[in-house]
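The values are calculated or read from the model by the stated rules, or taken from the named source; none is laboratory data. Treat the numbers as computed from the prediction; the structure is a model and nothing was measured. Cβ atoms come from the backbone with ideal geometry, glycine included; neighbour counts cover every protein chain shown. In case anyone asks, the SASA skips ligands and DNA or RNA and just uses the protein heavy atoms, side chains included. Shrake-Rupley method; radii C 1.70, N 1.55, O 1.52, S 1.80 Å.
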Amino acid sequence: MRTLLTIFCAGITLAITVPLWAQVPYDLSQAREFKTVWRMPLGVEISKISYNKDFGGKPDLHVITTFVSGRGRQTWSTYPKVDTTNLFNWYGVNTPAVLRPIDYDGTPPLEYINYFGIIWRCSSGESPFPLQPIDTVTYQHCIGEPKYTVDVDGDGYLDVVTDIGGDGKTVRVVMGGPQAGKGCERVFHIPQVHNRDEQITNAFFRSSSGGWKLVQWERDNSAVSPWLTIYDVVITREGGGLKASFVKRDSLYGEGVAVDDEPLGNCEAIVDTVTKKDWLLVSRRINGIPGVSVVERFDVTDGRFTSSGERVAGYEVYAGGQRHFGYSLGTAKPVIMMSNGAFCYADNIRQPFAHVRFKDSGLQPVSGMVAINDQTGDGKPDLVITGGSTDGTLALYTLDPAVSVPEELQPSYAGPTARMMGDVLEVTLQSPAIVSADLITTDGRAFPILAPVQGSPGLNRYDLSSALRQYPAGAYRVRVRTGEAALTINVIR
């Protein structure tokens, strides 16, 4: 009996101490620090940011898009160096900050879809500007924020995955191709797997094997411990449309102590297309270690939660955002940034290879970040980060060892900008100018809606509601004159 009791006690001790052995703090001893190439204090709020290469099918036209409060929608060239002269105005819309390519009609060049679901076609000829709005997929009601571009259904046309885990869906997909329909007809809603009382999508990704996988947080109302479940998602065509079906593969239980306990946190899937591995990083609390959460790495390539043995304390997995870099930083392995600015390879979360110091950077909270083309000449992509609350900053970072002293840049802007926000005309000026506006009908008739008025540098707002109220609903253009410049805004009343 004593022998059995000794074995039982030893087993209990081992069960408690194994997590302690496995838990290690992250190690920055071999991490290189991202150096600041330049900082650009803007003094105003700046939004998320996106990067698109060969914009509008034009070789070497690599651009970033963002929104700067008081200065409107900005599209800047990055080749060979970032130039903060705005390339063109996004007439009649709000922020285009998150901009993703989509193959709308099957004919080159690609079109683009922005944060608010407007699909833009590049103009033909020497320049892709200005972009023309050709369709609207209603924001929030149908899509949410565009995340990434990929051919989901395998028909050869690039689609856009949006709003992962939003509005009770696994994901929504704006379908590409000439037969996809108009507006919200283009949206393929992949539902959640309704086999539990609560479900939240944590990851939806194309596996290194080529198929799609879903990782979902689940809980029954009476269950103490929630779990993550992994499914294969099979997308087929039936009756002229698309259908998603799910095959359950494995579950990972959280170690909860009460029905309202949350032992499982954020998770992120990273696909290594070189080694053909699917890694899943999970923030979780290890029971028996009070107040301590770890990030654990799992191999889910074959649909099973196989732990790598890494349980790393000291940081967490971000919830969404632009922190999953894949191979965009020019590395041989895919990269993710953890919650404290540590950059890790997908197969090694114990020892980050690089880190960013955000203290005194002016970038907190971070609005967005993206890897762009090489700016320093070392042959490696560099990193642009936007952030700061109402006193925003844009900064360029690099791992190039030759960079030593950061520059302080001043933004430049190409002339005045104008947009309609409801019935309010917003005009941004770089210097004082006389501002006036006419309403142009589809048959070319012009009606004055803003008498000439002195505008001042910065943002000027003019309420045109009383003037616009005189005209029936329909499509118009607003022609704005600012000194010698003329700007045109497409509007629908």
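Between Ile492 and Tyr148, what is the spin-label point distance in nm, taking each point 7 Å from the Cα along the Cα→C-beta axis?
Here the answer is 3.2 nm between the modelled labels.
Which value, in Å², gives the accessible area per residue of segment 419-475 when a 1.4 Å probe is used on the protein heavy atoms? Don't jump to the answer; show the numbers that get you there.
Details: 3040 Å² over 57 residues.
Roughly 53 Å² per residue, with all protein chains present.
Please list 3J(HN,Hα) in residue order for segment 429-444, calculated via the Karplus relation 6.51 cos²θ - 1.76 cosθ + 1.60 where θ = phi - 60°; whole Hz, with x for glycine and proline.
For segment 429-444, the Karplus-derived couplings read 10, 8, 8, x, 7, 7, 10, 9, 8, 10, 9, 10, 7, 5, 9, x Hz, x marking Gly and Pro.
Under 5 Å between amide hydrogens, which residues at least 5 positions from Leu450 or on another chain qualify, with H placed 1.01 Å from N in the peptide plane?
Ala437
Quick check for you: which residues of segment 460-493 have the amide N under 12 Å from the point 7 Å beyond the Cα of Met421 toward its beta carbon?
Hits in segment 460-493 for Met421 at 12 Å: 460-463.
Apply the Karplus curve 6.51 cos²θ - 1.76 cosθ + 1.60, θ = phi - 60°, to the phi angles in segment 148-159 and return the couplings in whole Hz, x for Gly and Pro.
Per-residue couplings from phi come out as 7, 9, 6, 7, 6, 9, x, 8, x, 10, 6, 9 Hz.
Which whole-Hz ³J(HN,Hα) couplings does segment 41-56 yield from phi under the Karplus relation 6.51 cos²θ - 1.76 cosθ + 1.60, θ = phi - 60°, glycine and proline marked x?
Going residue by residue, I get x, 9, x, 9, 5, 10, 9, 4, 9, 9, 10, 9, 8, 6, 4, x Hz, with x marking Gly and Pro.
Assuming R0 = 35 Å, can you tell me the calculated FRET efficiency for the pair Arg469 and Asp391, based on Cβ-Cβ distance, to the nearest 0.05?
0.40
Roughly what would the spin-label model give for Asp443 and Ala319, points 7 Å off Cα along C-beta, in nm?
5.6 nm
Taking the Cα atoms only, what angle lies between the long axis of helix 2-22 and the longest principal axis of the chain, rounded to 10 degrees?
Here the helix axis deviates by roughly 20 degrees.
With every atom except the alpha carbons ignored, what do you get for Rg and Dmax of the chain, in angstroms?
25.9, 101
Report the FRET efficiency, 1/(1 + (r/R0)^6), for Asn221 and Ser436, where r is their Cβ-Cβ distance and R0 is 56 Å, rounded to 0.05.
0.35
Looking at the P(r) of segment 136-254, how many percent of alpha-carbon pairs lie beyond 22 Å?
Tail fraction, whole percent: 35.
Okay, which of segment 316-347 sit inside 19 Å, backbone N to the point 7 Å along the Cα-Cβ direction of Arg357?
Label zone hits: 338-344.
Principal axis lengths of segment 330-386 from Cα atoms, whole Å, largest first?
31, 30, 15
Averaging over every viewing direction, what projected area does the convex hull of the Cα atoms of segment 228-286 cover, in nm²? List each step's numbers first, then the result.
Values: hull surface 25.6 nm².
Mean projected area for segment 228-286: 6.4 nm², to one decimal.
How big is the gap, in Å, between the Cα center of segment 344-361 and the Cα center of segment 227-252?
First find each Cα centre; the distance between them is then 34 Å.
With all protein chains present, how much of the accessible area of the chain (probe radius 1.4 Å) comes from carbon and sulfur, to the nearest whole percent? Could the numbers behind the result be given before it?
Numbers: 11650 of 22210 Å².
Answer for the chain: carbon and sulfur cover 52 percent of the accessible area.
Work out, step by step, the length gained on full extension between Phe88 and Ser307: first 0.36 nm times the residue separation, then minus their alpha carbon distance; give nm to one decimal.
73.9 nm
For the chain, which span is the longest to avoid every loop-located (per DSSP) member of GluC sites (Glu not before Pro) having at most 14 other Cβ atoms inside 10 Å?
On the way: sites that count: Glu126, Glu484.
Result for the longest clean stretch: 127-483.
Compute the distance from the alpha-carbon center of segment 146-176 to that of segment 298-313, in whole Å.
Segment 146-176 and segment 298-313 have Cα centres spaced 26 Å from each other.
Scale the Cα Rg of segment 286-360 by the rule-of-thumb value 2.2 N^0.38 Å and send over the ratio, two decimals.
Ratio of Cα Rg to 2.2 N^0.38 Å: 1.18.
What residues of segment 356-382 lie in the reach of a label at Trp38, counting those whose backbone N is under 12 Å from a point 7 Å from the Cα along Cα→Cβ?
Within reach of a label on Trp38, which here means backbone N under 12 Å from a point 7 Å along Cα→Cβ, segment 356-382 contributes 375-376.
How many angstrom lie between the C-alpha centres of segment 101-141 and segment 367-427?
The two parts, judged by their Cα centres, are 23 Å apart.
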